[in-house]
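See below for the structure under consideration.
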């Protein structure tokens, strides 16, 4: 019996599961109920909704999650799980991904189980505003104002540099 368990450990690998649109949580729940190890990396995003900045938790890779499984035993269980579209692979079948990929993403997960992908801006970086009344304008990053995500940038309007404080979620580095 031990030999069977050891061979199972060798055959257990990480695969990428493609879910149907917005069904990642359903797939996660069903696969956990089947005692399959799942990793669904989540990301905190901010977006405007009715004029207010709203925090949203979304999957880092929409419609995809990672599952650690032995294809010999779990292939059909996973393939026919409600919400699953397919297990990614080639025409020859599912292809495992490196353990290192999952480990690297897990290292970026914070205490709140969310992946941290904060951009680090330096003083003088050119940034573009992505939302709000100054959308599409470019400015110069000056400094972080608070731990809650407020930053100060200099906008050049009518030939004058004007300091503006906005949410860090409203800017990105200009290309």
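Tell me, 120, 24 in order of fewest to most beta-carbon neighbours within 10 Å? Working shown, then result.
Working: 120 6, 24 23.
By the 10 Å Cβ count, ascending: 120, 24.
What percentage of all Cα-Cα pairs in the chain are separated by more than 21 Å? Each step should come with its number before you reach the end.
Working: 9248 of 15225 pairs.
Within the chain, distances greater than 21 Å cover 61 percent of Cα pairs.
Restricting to DSSP H runs of at least four residues, report the calculated mean residue ellipticity at 222 nm for the chain, -39500 (n - 2.57) per run over all residues, nearest 500 deg cm²/dmol.
Details: 4 runs with 38 residues, N = 175.
Result for the chain, helices only: -6500 deg cm²/dmol.
Taking the Cβ of each residue in 76, 25, 15 as the centre, tally the other Cβ atoms inside 10 Å and list the residues starting with the fewest. Write out the running numbers ahead of the final one.
Numbers: 76 9, 25 14, 15 20.
In order of increasing Cβ crowding within 10 Å: 76, 25, 15.
If you build the convex hull over the alpha carbons only and average its shadow over all orientations, what do you get for the stretch 126-173? Give it in nm² to one decimal.
3.0 nm²
If I model a spin label at residue 106 and residue 138 as a point 7 Å from the Cα along the Cα→Cβ vector, what separation in nanometres do I get?
4.2 nm
Using 0.36 nm per residue, how much length does the chain from residue 162 to residue 63 gain when fully extended, once their Cα-Cα distance is taken away?
Values: separation 99, 0.36 × 99 = 35.64 nm, distance 4.17 nm.
Roughly 31.5 nm would be gained on extension.
Read-outs: derived from the displayed coordinates by stated rules, not from any lab. All values derive from a computational prediction rather than experimental measurement. In this analysis, Cβ positions are derived from the backbone assuming ideal geometry, glycine residues included, and neighbour counts consider all displayed protein chains.
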